[in-house]
1. Can you give the Rg and Dmax of the range 118-271 based on its C-alpha atoms, in angstrom?
2. Can you give me the pair-distance distribution of the range 221-271, C-alpha pairs, 5 Å bins, whole percents?
3. Accessible area, 1.4 Å probe, largest first: how do VAL254, VAL57 sort?
4. Counting only the heavy atoms of the protein chains, how much of LYS258 is accessible to a 1.4 Å probe, in Å² to the nearest 10?
5. Need one number: nm distance between label points at GLU247 and LYS176, each 7 Å from Cα along Cα→Cβ, rounded to one decimal.
6. What does the accessible area of TRP241 come to, in Å² to the nearest 10, when a probe of 1.4 Å is used?
7. What nm distance separates the two modelled labels at LEU132 and THR184, each placed 7 Å from Cα along Cα→Cβ?
8. Based on the alpha carbons, how large is the Rg to Rh ratio for the range 56-173 when Rh follows Kirkwood?
Amino acid sequence: MTRNHKFRRLSLRGGLGALALLGSTIAWSRSTSHPVSPERQGASASESQSSAPTGYVVRTIEESATGAISGRILYNGGPVVPKRFKVTSDTAVCGTTKEVYPVTIEEGGIADAVVWIDDITSGKAFNFPSPLVDQKKCSFVPHILLMKGGGLKLGNTDLCLHNIHVTSYANREVNKAIPPGTATQEIPLARADRVTVRCDVHKWMSSYVVVAKNPYYVISGAGGKFRIEGVPAGHYHLKVWQESLGELDEEITVEPTKSTETSFTYRASGM
């Protein structure tokens, strides 16, 4: 074997060794430099799901081909006890104490629960009122709001400083002060989402804005009653969400010109 041939073999072995070492270094760097916690992995999955496009299509449907869904949201559990807050500032506007109920029971049912068809892909047009969350007597009004993706208006009719702190998965976080006498503000909420609105100045203040992915969303009223109309005949997943009790769901079939009756019952040991 010639000296040049031996040199080429040694060079080849050295190059392969260097490549192996480089590959190991890169693999170690990827596994140690950017660890992802299980919590963050879960958040990423939620963010991806929340921000995905809805794909909902508005189309004309004959009334004879649609039905309705109606029913009640019921509570079966122990007494609902309010959480009490002692007010230490702005007492002239807010009073000296505040009571916040985790569940609103009216006439034997749960009010302010959101009911919606989760998997409908086409149907009637959106028809929610212009979305506005105001601040009156140190409370957000309304407590639960439904809206189509777009601009959310924020007002302050109180004679004290409030703060708007909006957190969500799919839309940008917003944190801004709204002094008394300030003109109505507007923030973008373009993507389907469930948004929490809080006031950092007054810790008891909170509300929820549901940016709907289709127009088949309603809020339960007195007695927990709800009704969704103009639903194209078909088989769907119907869901309900309450801020303290979470979600329930069921499969439901809607028939033309008929109203399908159903109910949901939340069971809890006490609130």
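1. 17.4, 52
2. Bin by bin from 0 Å, the calculated values are 4, 14, 27, 24, 16, 9, 4, 2, 0.
3. VAL57, VAL254
4. 110 Å²
5. 3.1 nm
6. TRP241 exposes around 20 Å² with every protein chain in place.
7. According to this spin-label approximation, the distance is 0.4 nm.
8. Here Rg/Rh amounts to 1.04.
The values are calculated or read from the model by the stated rules, or taken from the named source; none is laboratory data. Note that the structure is predicted; figures quoted are calculated from it, not measured. Cβ coordinates were reconstructed from backbone atoms using ideal geometry, including for glycine residues, and neighbour counts include every protein chain displayed. Remember, those area values only see protein heavy atoms, side chains included, never the ligands or the DNA or RNA. Shrake-Rupley method; radii C 1.70, N 1.55, O 1.52, S 1.80 Å.
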